[in-house]
Amino acid sequence: MTLLVFIVSLLGSMSIGVPVAFALIFCGVTLMSYMGMFNTQIIAQNMLVGADTFTLLAIPFFILAGELMNAGGLSKRIIEFAITCVGHIRGGLGLVAIIAAIIMASISGSAAADTAALAAILIPMMAKAGYNLPRSAGLIAAGGVIAPVIPPSMAFIIFGVAANVSISALFMAGIVPGVMMAIALVITWLIVARNDKVDTLPRSSWAECGKASGRAVWALGMPVIILGGIKLGVVTPTEAAVIAAFYALFVGMVVYRELKIRDLPRVLIAAGRTTATIMFLVCAALVSAWLITAANIPAEITGYIAPLIDSPRLLMLVIMVLILVVGTALDLTPTILILTPVLMPIIKQAGIDPVYFGVMFIMNCCIGLLTPPVGVVLNVVSGVGRVPLGKVIGGVWPFLLAQVAILLLLIMFPSIVTVPANWFY
């Protein structure tokens, strides 16, 4: 009955338009009332504890780094570098989108920000060259969702805090799956676009390649600093986020000189708004998470799926289907905050590696960003690229299926994630 109260109060409040953060608080209050332990101090204390975490400081700084990267010209130079490398190949602008998505993912970790930067620059170029516009928009959307999987990732930070799992380990474990997602997009793009009659860009000379590399070297240096520092144990993820923000500020203002002092208030306000939204969600989720534990809801769910506990792969498949369904209706952060406290006790009881589960969980949530009716990244591409949402949805399906295929492959063979993760970490 407690599980029913939890589901009805959460989904019921969301269905009438209550914002997710307030729905989480309402869900907690409802559970407290049902259990006869209503106390406003519990709500306030859990929200304060939710925000008072050193690790979560990484979120505002990585968000700020992404905003500074876009405003300071780093994103533009990464795309220019990719165009110089593969723009002359038939279908090359699609490959540019994928390569640029990987590089930008290793800097900002924000699917929406990376997708917006790619769409603003590449969709007009692809339309002019004669590419199928819905398919091109779908590719850029699918490339954008790699960002939360390849470190640094705000999604991993939120999951690590909610599940009490090492964020550094999650970062290192996300490298191989993120690259596999990109390879799947390359293969799918080459298949679906093989017969398109498009204009190709002229081949760049070695001198032009050298100049493009020189212009992009500062932007390309950021992921090396972030991941290298974490791998060597020099910095924590939070410290790496601070370095990334100041590095982007320095490069944008001093090296590229595209970021002006007058631009800083706009950048800081944009980063502050995004941070406030995410942090309020985290605080609100801690209320419901505490009540989920107090009400022993994970044990109740375990009773329903007890036959699957001894079959980890089958259990993972069932959980991934559940997350995929939830992801069609919820954004990435709420999905993490709602499901993590419910699922982690089950995962531990089944003997599944929490780091492996975290990577799979985030991958699945990222795929949810591509699925209607919500499809946050689809809406970003539609708005920035000025492509009707219905056409973007039609164009994304081949790439969405490719990402799902990678997810299924990693469910069948967990060592693809765990072995490289152990080596990197």
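We did not get these values from a lab; they are worked out from the coordinates using the rules stated. As the structure is a prediction and not an experimental result, all values here were calculated from the model. Positions of Cβ are generated from backbone atoms using ideal geometry, with glycine treated the same way; all protein chains shown enter the neighbour counts.
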Three-way shape label, the stretch 160-316, alpha-carbon gyration tensor, a/c 1.5: oblate
Using Cα atoms only, what is the angle between the long axis of helix 154-163 and the major principal axis of the chain, expressed in degrees (0 to 90) to the nearest 10? 20 degrees
Can you give the FRET efficiency for Val254 and Leu220, using 1/(1 + (r/R0)^6), R0 = 22 Å, r = Cβ-Cβ distance, to the nearest 0.05? 0.80
What is the calculated FRET efficiency for Trp423 to Leu11, with r their C-beta to C-beta distance and R₀ = 30 Å, to the nearest 0.05? 0.10
In degrees between 0 and 90, to the nearest 10, how far off the longest principal axis of the chain does helix 415-424 point, with axes built from Cα atoms? 80 degrees
Figure the gain on full extension for Lys128 and Ala294 (residue separation times 0.36 nm, minus the Cα-Cα span) and round it to one decimal in nm. 53.9 nm
Using alpha carbons only, how many degrees (0 to 90, rounded to 10) separate the axis of helix 40-51 from the longest principal axis of the chain? 30 degrees
Mind checking the alpha-carbon convex hull of the stretch 256-413 and giving the volume per residue in Å³? 155 Å³
When the Cα centres of the stretch 180-237 and the stretch 12-88 are compared, how far apart do they sit, in Å? 28 Å
Counting every C-alpha pair in the chain, the percent lying more than 41 Å apart is 14 percent
What full-extension length gain, to one decimal in nm, is calculated for Ala329 and Leu57 as 0.36 nm per residue of separation minus the Cα-Cα distance? 95.1 nm
Once all Cα-Cα distances of the stretch 307-362 are split into 5 Å bins that start at 0, what whole-number percent is in each one? 4, 19, 33, 26, 12, 5, 0
Length-normalised contact order for the chain - Cα pairs under 8 Å, 6+ apart - percent: 27 percent
Expressed in nm², what is the orientationally averaged projection area of the convex hull enclosing the Cα positions of the stretch 229-274? 3.9 nm²
Sequence-distant aspartates and glutamates (8 or more away, or on other chains) whose Cα lies within less than 13 Å of Lys211: Glu80
Per residue, what volume in Å³ does the Cα convex hull of the stretch 27-100 take up? 144 Å³
Among Lys348, Lys197, which comes first, then next, by fewest other beta-carbon atoms within 10 Å? Lys197, Lys348
Kirkwood calc, the stretch 1-147, C-alpha pairs only, radius in angstrom 18.5 Å
What ranking of Thr40, Thr188, Thr340 emerges when the number of other C-beta atoms within 10 Å of each C-beta is taken as an exposure proxy, fewest first? Thr40, Thr188, Thr340
